[in-house]
Amino acid sequence: MNRDPGETHPILAAIAIGRNEGARLIACLDALVPQVDRVVYVDSGSTDGSVAAARARGAEVVELDMTQPFTAARARNAGLGRLTGQGADPLYIQFVDADCVLQPGWIGTARAFLDANPEVAVACGRRRERHPEASIWNAMIDAEWDTPVGQARACGGDALMRAAALLEVGGYDPTLIAGEEPEMCLRLRARGWKIWRLDAEMTLHDAALTRPGQWWQRARRAGYTYAEGVAMHGRGPERHSVAQLRRTLAWGIVLPLVTLLGLFVTPWAALLLLVWPLQMLRLHVRGLDWPQSVFLTLGKLPEAQGALTYLWRRLTRARARLIEYK
């Protein structure tokens, strides 16, 4: 940011995280560096020259220890550690995933909102898919990002945050392989902070979701996140992720199992399979197009697999591993 050398001002910083994002990282940093005072790029074991590219664009680089499991939460905490506790902490920190490009004007809009609303810890805006036309799954993700404007329960990976609030709750939980933002926001709200979604363009995201296997893995990760969220905070007053997990288990496990067992008793049990197209029709009537209705319904199967994966790892005390889709 271009400022008068004699001017004093709160520090505005940014943390970008990624691994092997290539050209997406370069686009991310080219948009980010001119808009803030400091940029920290946290790399999770890239082999594509990302570290050198980040340094060439003026970013401070933190390379995570490869002997420990990588998580986005761990990467964000590493960036937070670089920016704080070593002198003047930043007032605000813009978090962004390296497959995203910050939109012009977002920083000014979000910063002005946080300045005017000291009770708000997090401001997020509209994240859009760069290529929603590339696949039905990209289009579904673009629709997924379009959440209501106003006070919110959680943000995503991209957001402008009040550094003091983030430090107050101890940052992100580094053990979570996904869903770290809603979990952190829950702890912020428990401390009286607010999360706000602004009616403003924030980032362009490149999901690059073009294959069925990628869709399956992403849905599987969601189911894992629901199960872990319930285990951590499901008994709290907000019943964190309880509704999502119930739907996942009902459609992804209970209905298929009841149908299968019923076929041992009577062939009429096959009629239970009609519930699936009826659900697709219901979603279509509510405004979704047919491909979205189909994949949202079928997505309960990989979500259920993800929930069972979490349960198995917890019972066996196996180390959590990332569920990646690209």
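Each value in this text was obtained by applying a stated rule to the coordinates, not by laboratory testing. None of the values given here were measured: they were computed from a predicted structure. Ideal geometry is used to build each Cβ from the backbone, glycine not excepted, and the neighbour counts take in all protein chains shown.
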Next on the checklist: Please report the antiparallel percentage of the DSSP beta bridges confined to the chain, to the nearest 5.
Outcome noted: 35 percent
Item to check | When the range 12-210 is reduced to its Cα atoms, the Kirkwood hydrodynamic radius in Å | outcome: 16.8 Å
Item to check | Residue-span extension gain [L263 to D115] - 0.36 nm each, minus C-alpha spacing | outcome: 47.1 nm
Checklist entry - According to a simple spin-label model (label point 7 Å from Cα along Cα-to-Cβ), what is the distance in nm between D48 and D199? => result 3.7 nm
Checklist outcome for this item: Residues E129, E60 in order from fewest to most other beta-carbon atoms within 10 Å are E60, E129
Checklist entry - Suppose every K and R has +1 on its Cβ and every D and E has -1 on its Cβ; what is the size of the dipole of the chain about the Cα centre, in Debye to the nearest 20? => result 1240 debye
Checklist entry - Between A23 and V285, what length in nm is gained on full extension when 0.36 nm per residue of separation is reduced by their alpha carbon distance? => result 90.3 nm
Checklist entry - Label point 7 Å out from Q151 along Cα-to-Cβ: which residues of the range 118-141 have amide N under 11 Å? => result 120
Next on the checklist: Just to confirm the filter: which chymotrypsin sites (Phe, Trp or Tyr not before Pro) across the range 222-306 are DSSP coil and have at most 14 other Cβ within 10 angstrom of their Cβ?
Outcome noted: F264
Next on the checklist: Just want the ordering: T316, T175, from fewest to most Cβ atoms lying within 10 Å of their own Cβ.
Outcome noted: T316, T175
Checklist entry - When the helices in the chain are scored as -39500 (n - 2.57) per DSSP H run of 4 or longer and the sum is shared across all residues, what 222 nm value do you end up with, to the nearest 500 deg cm²/dmol? => result -13500 deg cm²/dmol
Checklist entry - How do D89, D115 rank when sorted from fewest to most other Cβ atoms within 10 Å of their own Cβ? => result D115, D89
Checklist outcome for this item: Looks like the range 239-326, by Cα gyration tensor root eigenvalues a ≥ b ≥ c and the a/c under 1.5 rounded cutoff (else prolate when a/b is bigger than b/c, oblate otherwise), is oblate
